[in-house]
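Step one of this worksheet: look at the structure below.
The values are calculated or read from the model by the stated rules, or taken from the named source; none is laboratory data. What you see is a predicted model; the values in this text were computed from it and never measured. No Cβ is skipped: glycine too gets one built from the backbone with ideal geometry, and neighbour counts run over all protein chains shown. Remember, those area values only see protein heavy atoms, side chains included, never the ligands or the DNA or RNA. Shrake-Rupley method; radii C 1.70, N 1.55, O 1.52, S 1.80 Å.
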Amino acid sequence: MQSTDAIVVGGGLAGLVAATELTDAGKRVIVVDQEPEQSLGGQAHWSFGGLFFVDSPEQRRMGVRDSHALALSDWMGTAAFDRPEDHWPRQWAQAYVDFAAGEKRAWLHGMGMRWFPVVGWAERGGYGAIGHGNSVPRFHVTWGTGPGVLEPFLRRAREAQSKGLLQFAFRHRVDELIVDKGRVAGVRGVKLASDNMERGKPSSRDVVGDFELCAQAVIVASGGIGGNHELVRKNWPERLGPPPSHMLCGVPAHVDGRMLGISETAGARLINRDRMWHYVEGIENWNPIWPMHAIRILPGPSSLWFDAHGQRLPGPLWPGFDTMGTLEHLRRTGYDYSWFVLDQQIIRREFALSGSEQNPDLTGKSWRQVAKRAIGKGAPAPVEAFKSHGRDFIVRDNLDDLVAGMNALAGNALLDVTKLREEIEARDREFDNPFTKDSQVMAIHNARRYRGDRLVRVAKPHRMLDPANGPLIAVRLNILTRKTLGGLETDLQARVLGHDGQPLHGLYAAGEAAGFGGGGLHGYRALEGSFLGGCLFSGRVAGRAAAAAIA
């Protein structure tokens with residue numbers, strides 16, 4: 001049996017951060033991952049690279065006044081902690097907001113990370129100052145998107161590897177945590193056959209051998225359950241209505257949740273397993289990489305949102321305001337899809353697609369291409385590609401033809417063009433004045449008071465049915481699975497706790513496997529930009545705590 005100082009299970013962002021913190025302390029580390037080397041970095045590679053900062057230079061330059069107190073109020077109002085098992089998640093949430101308002105940006109900046117100067121405004125809330133949502137823009141897109149977030153840690157890992165401190169064991173699937181006299185002392189599993197598949201595609205599960213590794217510390221950083229729809233449905237909360245019969249996947253198939261059950265079998269306590277984060281603006285990828293591959297639309301606030309029956313969604317369930325509130329509302333309609341209705345002026349300015357591969361300008365760090373977002377006549381090229389090739393997009397010159405196309409795509413006749421016309425015409429009339437009784441129109445005016453939204457994110461108010469702003473566009477929106485908000489319960493040193501509330505000696509957890517810290521630092525909802533940040537923070541805490549505990 002091979003031995004080392006520490007084993008990290010999972011080669012995603014949290015695992016890489018933990019591993020490099022350990023090697024910086026001079027510890028020997030083996031990172032085991034069931035996927036091939038080309039998938040190193042995990043889900044973070046595919047991400048938009050959004051990070052949650054508080055009172056950043058980017059915010060201040062855009063005229064945003066943020067503070068630790070405001071961010072903490074927003075976080076706690078959004079999380080809505082209400083369970084006895086929220087003791088550690090609440091403490092992790094407070095610690096994370098401290099980090100986001102403190103050394104987080106300087107730590108990452110010192111490793112070479114940079115951010116797009118226009119700060120995004122995600123999860124805008126709309127219920128009141130104490131409730132869900134970001135009071136101000138806080139979504140900082142990393143220059144280079146997800147790969148840009150990974151780059152410093154991949155570089156540090158390769159440097160540690162060259163020094164003999166870090167070893168990667170790819171195609172090693174952990175099937176068991178080895179427990180010796182009440183202490184987690186290693187891992188046991190099987191070696192999988194080599195596979196040269198493209199990053200993100202399903203890899204072979206053919207077994208070619210087995211392995212055992214022992215260490216003083218094991219860090220579980222294996223991700224969540226978003227790629228395992230069976231587990232998603234099993235854990236689906238009643239408060240969100242019935243689980244969907246049709247869902248798309250926002251994560252690769254290897255995000256299977258196996259290590260959560262394996263850790264639980266070894267004595268770890270898994271909490272808040274019914275808390276999860278799934279998007280309702282999913283579109284089927286016309287050029288998929290993994291099974292049921294979905295891309296999420298990152299919408300501005302101007303599209304009209306209708307359920308499958310053609311009923312306009314109530315406020316504040318507008319695009320970009322409350323992901324989980326919208327999911328709960330739509331689950332009670334009896335259908336697994338909904339609709340955006342918009343026009344070319346809105347899609348040109350307000351549609352962005354989540355994912356590094358869907359943002360080649362930001363991922364490739366090209367200012368020339370980025371400039372086209374503000375001055376180009378069309379939407380960004382990936383958006384236009386979906387408009388042309390995506391099966392969920394319908395483009396027509398008039399509303400009658402648009403609604404006919406929507407009904408044909410849905411395979412039913414639920415939508416009444418007369419009712420949709422009445423709703424859209426009423427909305428259009430509200431733009432004849434700078435004041436309004438329509439709450440969504442109020443939100444659009446409020447958004448355009450923010451310099452960033454006015455410059456590159458929110459379309460100038462206009463009449464949707466005016467042919468000059470056409471063509472008209474409808475987008476069928478699907479539910480896509482994404483993040484696991486619950487996870488392995490950990491204390492503030494990232495030590496995994498057992499059912500007695502005491503640390504399970506030798507075992508730590510980080511990233512999505514730990515609910516991004518504590519077993520669920522987001523509570524019921526997220527403020528966005530906080531998933532990668534949770535991986536960074538919990539990975540750093542776990543790596544440093546494990547290093548300090550290793551003799």
* To do: Look at Val232 and say whether it is touching a residue at least 40 places away in the same chain (Cβ under 8 Å) and in a helix (DSSP H, G or I).
  => yes
* Structure fact -> Condition set within 30 Å of the chain's Cα centre (by Cα) and free of Cβ contacts under 8 Å to residues at least 40 places away in the same chain, scope segment 201-225, selection nearest to Ser356 (Cα to Cα): answer is Ser204
* Within segment 361-376, how many residues turn out to be modelled with pLDDT of 85 or more, within 26 Å of Glu284 (Cβ to Cβ) and either surrounded by 15 or more Cβ atoms within 10 Å (Cβ to Cβ) or among the aliphatic types (A, V, I, L, M) (or both)? -> 4
* Asked: Looking at segment 421-430, which of its residues are under 19 Å from Leu313 (Cβ atoms) and either modelled with pLDDT under 95 or out of contact with any helix residue (DSSP H, G or I) (no Cβ under 6 Å at 6 or more places or on another chain) (or both)?
  -> Glu422, Glu423, Ile424, Glu425, Ala426, Arg427, Asp428
* Asked: Looking at Lys387, Lys419, which is the one that is more than 30 Å from Pro147 (Cβ to Cβ), out of contact with any Pro (no Cβ under 8 Å at 6 or more places or on another chain) and of a type in the set (Lys, Arg)?
  -> Lys419
* Structure fact -> Restricted to segment 97-117 and to residues being touching a residue at least 60 places away in the same chain (Cβ under 8 Å) and either surrounded by 23 or more Cβ atoms within 10 Å (Cβ to Cβ) or in contact with a Phe, Trp or Tyr (Cβ under 8 Å, 6 or more places away or on another chain) (or both), the residue farthest from Pro314 (Cα to Cα) is Lys104
* Might you check whether a residue that is among the basic types (Lys, Arg) and closer than 23 Å to Ala510 by Cβ occurs anywhere in segment 254-267? => yes
* Of these, Gln167, Gln94, which one is open to solvent by 60 Å² or more (accessible area, probe 1.4 Å), in a helix (DSSP H, G or I) and farther than 16 Å from Gln59 by Cβ? -> Gln94
* To do: May I ask you to list pairs of residues, at least six apart or on different chains, whose Cβ atoms are under 9 Å apart, with the first in segment 118-141 being among the acidic types (Asp, Glu) and the second being open to solvent by 30 Å² or more (accessible area, probe 1.4 Å)?
  => Glu123/Phe139; Glu123/Arg525
* Asked: Which is over 16 Å from the mean Cα position of the chain (by Cα), open to solvent by 30 Å² or more (accessible area, probe 1.4 Å) and at pLDDT below 95, of Arg332, Arg349?
  -> Arg349
* To do: Please tell me if Ala548 is part of a helix (DSSP H, G or I), farther than 15 Å from Ser222 by Cα, more than 15 Å from the chain's Cα centre (by Cα) and aliphatic (A, V, I, L, M).
  => yes
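When segment 365-397 is examined, which residues are found to be without any contact (Cβ under 8 Å) to a residue 24 or more places away in the chain and not in a helix (DSSP H, G or I)?
Matches in segment 365-397: Ser366 only.
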* Asked: In this structure, does Ala413 turn out to be within 30 Å of Gly144 (Cβ to Cβ) and modelled with pLDDT of 95 or more?
  -> no
* Residue in segment 106-116 that is within 24 Å of Ala513 (Cβ to Cβ), assigned to a loop (DSSP other than H, G, I, E, B) and not charged (D, E, K, R) present -> yes
* Asked: Considering segment 78-91 alone, what residues qualify as being assigned to a helix (DSSP H, G or I) and either over 22 Å from Gly518 (Cα atoms) or among the aromatic types (Phe, Trp, Tyr) (or both)?
  -> Trp88
* Asked: If Ser338 passes every condition in (1) open to solvent by less than 40 Å² (accessible area, probe 1.4 Å); (2) assigned to a loop (DSSP other than H, G, I, E, B) but one, which one does it miss?
  -> (2)
* Structure fact -> In segment 9-27, anything farther than 13 Å from Ala514 by Cβ and more than 20 Å from the chain's Cα centre (by Cα) is listed as Ala19, Thr20, Glu21, Leu22, Thr23, Asp24, Ala25, Gly26, Lys27
* Single residue of Ala514, Ala474, Ala526, Ala548 found to be open to solvent by less than 10 Å² (accessible area, probe 1.4 Å), more than 30 Å from Gln345 (Cα to Cα) and of a type outside the set (Val, Ile, Thr) -> Ala514
* **Residue under evaluation Ser439, criteria (1) under 30 Å from Val370 (Cβ atoms); (2) surrounded by fewer than 20 Cβ atoms within 10 Å (Cβ to Cβ); (3) touching a Pro at 6+ places or on another chain (Cβ under 9 Å); (4) small (Gly, Ala, Ser), criterion not met** => (1)
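Of all the strands (runs of 3 or more DSSP E) wholly in segment 242-316, which have at least 2 residues that are surrounded by 24 or more Cβ atoms within 10 Å (Cβ to Cβ) and touching a residue at least 24 places away in the same chain (Cβ under 8 Å)?
Ranges flagged: 276-284, 294-298.
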* Asked: If we scan segment 203-222, do we find a residue that is out of contact with any Gly (no Cβ under 8 Å at 6 or more places or on another chain), modelled with pLDDT of 95 or more and crowded, with 18+ Cβ neighbours inside 10 Å?
  -> yes
* Structure fact -> Flagged in segment 171-200 as farther than 28 Å from Gly517 by Cα, open to solvent by less than 70 Å² (accessible area, probe 1.4 Å) and touching a residue at least 24 places away in the same chain (Cβ under 8 Å), in numbering order, are Leu192, Asp195, Met197
* Identify, by number, the condition in (1) within 30 Å of Trp115 (Cα to Cα); (2) surrounded by fewer than 24 Cβ atoms within 10 Å (Cβ to Cβ); (3) in contact (Cβ under 8 Å) with a residue 60 or more places away in the chain that Arg449 doesn't meet. => (3)
